[in-house]
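Colleague: Structure incoming, see below.
The values are calculated or read from the model by the stated rules, or taken from the named source; none is laboratory data. Quantities reported herein were computed from a predicted structural model and do not represent experimental measurements. Quick reminder, even Gly has a Cβ in these numbers, built from the backbone with ideal geometry, and neighbours come from all protein chains shown. In case anyone asks, the SASA skips ligands and DNA or RNA and just uses the protein heavy atoms, side chains included. Shrake-Rupley method; radii C 1.70, N 1.55, O 1.52, S 1.80 Å.
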Amino acid sequence: MFNPVWENSSRTLGKAALYATDLGIRHTALPGDVRQQAKPPARETGRRRQTQRLHQVALPREQARNELFCALATSFQARHGKFRPQIGGPAVCRKLGKSIGLCRSRCPPMFNAVTCPPTLGPSVNENSPRETRVRVPMLRRLARLPGQVLGLSPFRGEINPVRVPIVRPLSGRPSLPFPHPWNYQQPLRILETYFWRADADSGNDSGGKHNRYLDFPGFSPVLVTRDPGVIRAITTETGDRPGQFDRDTLPSTGIARATGPDTLLFANGALWKRQRKLAASPFGKTTLFQPELFEEFEETFRLTVRKRLDALRQHLQESGQSRMAVALEPEIKTVMLEMLANNFFGTEIPYEELAARYVPSLERLIDHIVRDTVLNKMGWPLRILPSFRRRAAQARADAADFDKLTDLVLAERHSGHGLWKQFKSDAPDDALRSNIKVFLAGALEATTSYASWAISHLARNNQAQERVYQEVKNVESYSPDNLGSVRYLNNVLEETLRLTPSLYFLPRRAAADTWIETSDGRKLWVPHGTHILLDVWHANRHEDFWGGEITGYPATEFAPERWDYLAESGRASKDMLHFGFGHGPRVCPGKHLGQLEVGLVVGAFVKLFQFEAAKKENPPRAGVSTKPADGTQVILRLR
């Protein structure tokens with residue numbers, strides 16, 4: 001029961017507290033010296049529900065009264081739906097308090113902070129655990145509105161991002177600084193717009209040259225950075241702990257609708273941490289590079305690649321020609337899917353079926369995902385899109401093929417084939433389905449991009465191609481020792497990830513008002529809710545970070561020798577990050593598998609063929625990942 005020092009209000013406040021707790025409010029602690037005794041009895045009211053009681057409360061009457069009715073209002077809102085769900089405790093509590101004359105001193109400061117405690121506890125600030133925060137986006141937007149209208153920067157610190165105007169007539173900018181139906185297929189141009197003529201602008205010594213932001217009244221700010229120090233600081237501080245950054249789900253809504261929202265890619269917080277732990281075992285370097293396991297998979301991967309390349313060589317011989325023009329990207333994609341589905345997961349899908357059915361379906365479905373992310377603002381799932389629309393009908397057929405491929409992969413789980421034997425989980429197959437889809441589509445996109453770019457670069461650099469051949473011509477197996485010995489091939493792969501990364505930007509979102517600090521001591525305050533685009537593509541191509549003075553070669557030039565120069569000059573690889581697989585806690589879990597696959601494909605291809613580019617220039621095209629715009633068109637000759 002409640003302490004009798006509450007005099008006449010004790011019974012009223014006691015009932016309010018019990019009512020608030022009965023409605024499901026989570027409690028952590030009370031202000032001042034108050035503590036709760038957490039022994040929640042359970043009772044059945046149609047469904048099992050936890051209730052809690054407070055004991056030994058000793059609070060000033062005014063403060064306790066305000067705490068209780070703030071919590072009561074929040075719970076009343078959640079139970080009865082009388083108020084809009086996204087409007088949190090302060091507004092509701094103010095209304096409720098005004099009507100009964102009890103909410104006095106507590107609401108105003110909480111209203112100003114634009115948060116309200118979902119607990120009978122201390123003021124819940126942005127460092128509170130995620131599950132104990134109630135967000136008030138509408139009030140937060142209103143609080144930001146005056147500064148947005150006046151053009152005040154929402155950021156603070158030594159790094160001062162420069163605001164980008166939404167419309168800038170006659171400026172020659174490549175695009176508007178946000179995706180819309182007429183530019184969403186050119187995301188690299190959208191990112192380029194943020195830094196249009198940034199190098200020529202004056203007054204950028206404080207960080208504005210490489211840090212830009214968009215701030216439209218009524219919306220959360222968008223920060224775009226190509227500063228490797230800021231990228232590293234934010235990726236390092238991305239995780240599930242209070243105050244850390246989330247992965248921004250806004251650019252992934254189409255993926256979530258196609259695969260499910262409960263995935264390693266889309267999840268944040270505790271759910272992401274649990275799924276990451278499950279993925280760590282089969283994908284980790286310690287698993288893949290165990291001698292016995294590595295030999296098994298390296299041999300199957302190598303045989304798969306060799307078989308497909310031998311078929312290509314036979315076709316060239318039968319044609320009676322000494323050289324042949326071919327677009328390699330479809331071939332690379334089919335080989336990658338075969339390695340993922342058959343070698344990694346243990347299925348036995350014929351190569352012809354992969355090439356004719358599953359690869360085209362996945363290509364079209366990925367194009368649909370990109371389009372759906374930008375155009376489907378209502379969030380309609382694919383199953384309810386009008387059947388008479390040709391695109392919708394095709395997307396549903398492609399999704400059915402994707403489901404069938406996922407079924408084939410999951411069917412091998414219980415046989416223990418492939419790396420399923422390394423997967424330790426009692427979760428049912430349905431709980432794994434979404435992540436399997438993300439892995440199949442995501443890994444296929446990333447590895448295809450990686451291998452296609454590597455071959456495309458070598459096709460335009462005969463000297464580098466010949467050096468790789470001299471390294472790999474006598475390599476019969478890609479053991480960990482042999483992989484370490486082909487140093488120039490590794491340089492080629494590192495340079496490919498730097499100059500043409502598959503993941504050309506990394507999305508993040510500030511889950512709290514957060515200070516970050518770069519390795520050189522610069523600080524930046526990022527407000528809660530900020531959407532962040534870590535522009536890896538342009539960071540890796542800027543002379544300030546990867547130019548001749550630092551790396552010995554121009555930033556926009558493909559130069560595998562750059563990595564030898566950096567090693568000789570004493571710069572450690574950890575100091576020169578290209579973020580090709582991301583960085584920090586949310587680094588790509590398939591990083592080591594991707595490196596193994598691409599190393600095998602590129603090494604085997606160079607060993608069998610001499611090749612040159614069909615066109616001199618090869619601009620990128622970008623969607624979920626980047627790829628050569630020409631489909632990796634090369635002219636092959638047998639060695």
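Colleague: On the basis of being under 25 Å from Val222 (Cβ atoms) and either in contact (Cβ under 8 Å) with a residue 24 or more places away in the chain or aliphatic (A, V, I, L, M) (or both), does Arg508 make the cut?
Modeller: On the way: under 25 Å from Val222 (Cβ atoms): yes; either in contact (Cβ under 8 Å) with a residue 24 or more places away in the chain or aliphatic (A, V, I, L, M) (or both): yes.
The answer is yes for Arg508.
Colleague: Examine segment 508-520 for a residue that is within 27 Å of Pro589 (Cβ to Cβ), assigned to a loop (DSSP other than H, G, I, E, B), open to solvent by 30 Å² or more (accessible area, probe 1.4 Å) and modelled with pLDDT of 95 or more, and state whether such a residue exists.
Modeller: no
Colleague: Output the number of residues of segment 298-339 satisfying the condition of being touching a strand residue (DSSP E or B) at 6+ places or on another chain (Cβ under 9 Å) and either of a type outside the set (Asp, Glu) or open to solvent by 70 Å² or more (accessible area, probe 1.4 Å) (or both). Walk me through it before giving the result.
Modeller: Quick first cut of segment 298-339, residues touching a strand residue (DSSP E or B) at 6+ places or on another chain (Cβ under 9 Å) only: 309, 312-313, 315-317, 322-329.
Filter once more, keeping what is either of a type outside the set (Asp, Glu) or open to solvent by 70 Å² or more (accessible area, probe 1.4 Å) (or both): 309, 312-313, 315-317, 322-328.
Residues in segment 298-339 being touching a strand residue (DSSP E or B) at 6+ places or on another chain (Cβ under 9 Å) and either of a type outside the set (Asp, Glu) or open to solvent by 70 Å² or more (accessible area, probe 1.4 Å) (or both): 13 in total.
Colleague: Return the pair list, or none, for Cβ contacts closer than 7 Å from residues in segment 526-545 that are within 30 Å of Glu557 (Cα to Cα) to residues that are of a type in the set (S, T, N, Q) and in a helix (DSSP H, G or I), at least 6 apart or on different chains.
Modeller: Leu534/Thr235
Colleague: Also: For residues that are in a helix (DSSP H, G or I) and of a type outside the set (D, E, K, R), tally how many sit in segment 542-567. Let's see the steps before the verdict.
Modeller: The initial filter retains those residues of segment 542-567 that are in a helix (DSSP H, G or I), namely 543-546, 548-551, 562-567.
Within this subset, residues satisfying the condition of being of a type outside the set (D, E, K, R) are 545-546, 548, 550-551, 563, 565-567.
Result for segment 542-567: 9.
Colleague: Name the one entry in Arg364, Arg391, Arg433 that is within 24 Å of Leu506 (Cα to Cα), open to solvent by 20 Å² or more (accessible area, probe 1.4 Å) and among the charged types (D, E, K, R). Steps first, answer last, please.
Modeller: Details: Arg391 fails: within 24 Å of Leu506 (Cα to Cα); Arg433 fails: within 24 Å of Leu506 (Cα to Cα).
Matching residue, one of Arg364, Arg391, Arg433: Arg364.
Colleague: Further question on the same structure: Confirm whether Leu170 is open to solvent by 20 Å² or more (accessible area, probe 1.4 Å) and farther than 18 Å from Leu506 by Cβ. Break it down into steps so the answer makes sense when it comes.
Modeller: Working: open to solvent by 20 Å² or more (accessible area, probe 1.4 Å): yes; farther than 18 Å from Leu506 by Cβ: yes.
So Leu170 fits the description; yes.
Colleague: Within segment 441-471, take every residue that is acidic (Asp, Glu) and farther than 30 Å from Pro261 by Cα and give me the one that is least open to solvent (accessible area, probe 1.4 Å). Full working, then the answer.
Modeller: Residues of segment 441-471 acidic (Asp, Glu): 445, 466, 471.
Next, only the ones that are farther than 30 Å from Pro261 by Cα stay: 466, 471.
Working: Glu466: 71, Glu471: 53 Å².
Here the answer is Glu471.
Colleague: Here's a check for you: in segment 205-240, which residue that is of a type in the set (A, V, I, L, M) and touching a residue at least 60 places away in the same chain (Cβ under 8 Å) is most open to solvent (accessible area, probe 1.4 Å)? Write out each step before concluding.
Modeller: Quick first cut of segment 205-240, residues of a type in the set (A, V, I, L, M) only: 214, 222-224, 230-231, 233-234.
This time we only want the ones that are touching a residue at least 60 places away in the same chain (Cβ under 8 Å), so: 222-224, 230-231, 233-234.
On the way: Val222: 32, Leu223: 0, Val224: 0, Val230: 0, Ile231: 0, Ala233: 13, Ile234: 0 Å².
That would be Val222.
Colleague: Does Ala400 satisfy being open to solvent by 30 Å² or more (accessible area, probe 1.4 Å) and in a helix (DSSP H, G or I)?
Modeller: Values: open to solvent by 30 Å² or more (accessible area, probe 1.4 Å): yes; in a helix (DSSP H, G or I): yes.
Considered against the rule, which asks whether it is open to solvent by 30 Å² or more (accessible area, probe 1.4 Å) and in a helix (DSSP H, G or I), Ala400 comes out as yes.
Colleague: Could you run through segment 545-558 and say how many residues are surrounded by fewer than 16 Cβ atoms within 10 Å (Cβ to Cβ) and under 26 Å from the mean Cα position of the chain (by Cα)?
Modeller: Count: 1.
Colleague: Residue check: is Lys377 open to solvent by 30 Å² or more (accessible area, probe 1.4 Å), over 28 Å from Leu497 (Cα atoms), assigned to a helix (DSSP H, G or I) and of a type outside the set (A, V, I, L, M)?
Modeller: Numbers: open to solvent by 30 Å² or more (accessible area, probe 1.4 Å): yes; over 28 Å from Leu497 (Cα atoms): yes; assigned to a helix (DSSP H, G or I): no; of a type outside the set (A, V, I, L, M): yes.
For Lys377, the condition - open to solvent by 30 Å² or more (accessible area, probe 1.4 Å), over 28 Å from Leu497 (Cα atoms), assigned to a helix (DSSP H, G or I) and of a type outside the set (A, V, I, L, M) - is not met.
Colleague: Select from segment 472-507 the residues that are crowded, with 20+ Cβ neighbours inside 10 Å and more than 30 Å from the chain's Cα centre (by Cα) and write down the one among them that is modelled with the lowest pLDDT.
Modeller: So the residue we want is Tyr478.
Colleague: Let me ask something additional. Does at least one position in segment 246-268 carry a residue that is surrounded by fewer than 21 Cβ atoms within 10 Å (Cβ to Cβ), over 30 Å from Phe402 (Cβ atoms) and in contact with an Asp or Glu (Cβ under 9 Å, 6 or more places away or on another chain)?
Modeller: no
Colleague: Here's a follow-up. Looking for whichever is within 30 Å of Asp262 (Cβ to Cβ), assigned to a helix (DSSP H, G or I) and open to solvent by less than 10 Å² (accessible area, probe 1.4 Å) here; the options are Val409, Val438. Which one fits?
Modeller: On the way: Val438 fails: open to solvent by less than 10 Å² (accessible area, probe 1.4 Å).
Among Val409, Val438, only Val409 is within 30 Å of Asp262 (Cβ to Cβ), assigned to a helix (DSSP H, G or I) and open to solvent by less than 10 Å² (accessible area, probe 1.4 Å).
Colleague: Is it the case that Gly243 is within 21 Å of the chain's Cα centre (by Cα), surrounded by fewer than 22 Cβ atoms within 10 Å (Cβ to Cβ) and closer than 24 Å to Ser434 by Cβ?
Modeller: Working: within 21 Å of the chain's Cα centre (by Cα): yes; surrounded by fewer than 22 Cβ atoms within 10 Å (Cβ to Cβ): yes; closer than 24 Å to Ser434 by Cβ: no.
Considered against the rule, which asks whether it is within 21 Å of the chain's Cα centre (by Cα), surrounded by fewer than 22 Cβ atoms within 10 Å (Cβ to Cβ) and closer than 24 Å to Ser434 by Cβ, Gly243 comes out as no.
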